[in-house]
Amino acid sequence: MSSPCDPSHAPVGDVGAAIMMIDSRLKTVHDGKSATDPEQRALMDQFIATLGAKGLNDMLDGTCTLIYMFMTWLRKAHEEHEKDVIEYVVPSLVATMQMMPRSVRPEAIPMMAGLAIAAGTGLSPNLWRAQYGDWTKEEMTPLEATAFLLAEHINRITDDQDFATRLITDALSVADGDQEG
């Protein structure tokens, strides 16, 4: 019997916009900036303002899809070494979020850990989250932080600052090619 949280039932969302946002954050951190450049922040705010409610929902679903894709890649990488992705990734994710109290309030951490665990066990993070009601405004930054931290984790494992972004853009290119042909 299929789970109601099976990824085949989940909207994919705007993965392109979500990876653009995460890649921008990754580049900011790798450039040694602890805060977002005001000009970059203004451009991001302007972009988000143009999305409208449907566009924001699509980007939210796209961010959940990123979390699913990142955790799927991490699960496969860990299985190759006979390790459990939940055991090796989630505690680090939670510990890092605990060190970010201005961005990730403590009460948001269990939900973000749950998203990662759902994705790591093959469930759709956005469908898993939906059973607890609508997303809250307070969960948006922790959601972004979760996707960012998973991407950064992948980049550290692979010793390649662009691997996680390339993983997604390559998947998007294949998907676009499949739709054309």
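The values are calculated or read from the model by the stated rules, or taken from the named source; none is laboratory data. Computed from a prediction, not measured in an experiment: that's the story for all the values here. Heads up, the Cβs are rebuilt from the backbone with ideal geometry, glycines too, and the neighbour counts pull from every protein chain shown. To get the accessible areas, we keep the full protein, side chains included, count just its heavy atoms, and leave off ligands, DNA and RNA. Shrake-Rupley method; radii C 1.70, N 1.55, O 1.52, S 1.80 Å.
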### Message
Restricting to the range 94-149, name every residue that is open to solvent by 30 Å² or more (accessible area, probe 1.4 Å), not in a helix (DSSP H, G or I) and not hydrophobic (A, V, I, L, M, F, W, C).
### Response
PRO101, ARG102, SER103, ARG105, THR121, GLN131, TYR132, GLY133, ASP134, THR136
### Residues satisfying the stated conditions in the range 79-93, i.e. part of a helix (DSSP H, G or I) and open to solvent by less than 90 Å² (accessible area, probe 1.4 Å)
VAL85, ILE86, VAL89, VAL90, PRO91, SER92, LEU93
### Task
Looking only at the range 107-120, decide whether some residue is out of contact with any Pro (no Cβ under 9 Å at 6 or more places or on another chain), in contact (Cβ under 8 Å) with a residue 60 or more places away in the chain and of a type in the set (A, V, I, L, M, F, W, C).
no
#### Entry: Close pairs (8 angstrom Cβ cut-off, 6 or more residues apart or separate chains): under 21 Å from TRP128 (Cα atoms) in the range 48-62, at pLDDT below 80 and not aromatic (Phe, Trp, Tyr) anywhere
LEU56/ILE48; ASP58/LEU51; MET59/ILE48; MET59/LEU51
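Is it the case that the range 106-113 has a residue that's closer than 24 Å to THR158 by Cβ, touching a Ser or Thr at 6+ places or on another chain (Cβ under 8 Å) and of a type outside the set (Gly, Ala, Ser)? Quick ask: steps written out before the conclusion?
The initial filter retains those residues of the range 106-113 that are closer than 24 Å to THR158 by Cβ, namely 112-113.
Next cut, touching a Ser or Thr at 6+ places or on another chain (Cβ under 8 Å) only: 112.
If we keep only those that are of a type outside the set (Gly, Ala, Ser) as well, we get 112.
So far as the range 106-113 goes, yes, one or more of its residues are closer than 24 Å to THR158 by Cβ, touching a Ser or Thr at 6+ places or on another chain (Cβ under 8 Å) and of a type outside the set (Gly, Ala, Ser).
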### Summary
Going through the range 150-178 in order, the residues found to be in contact (Cβ under 8 Å) with a residue 40 or more places away in the chain, open to solvent by less than 60 Å² (accessible area, probe 1.4 Å) and of a type outside the set (A, V, I, L, M, F, W, C) are GLU152, HIS153, ASN155, THR165, THR169
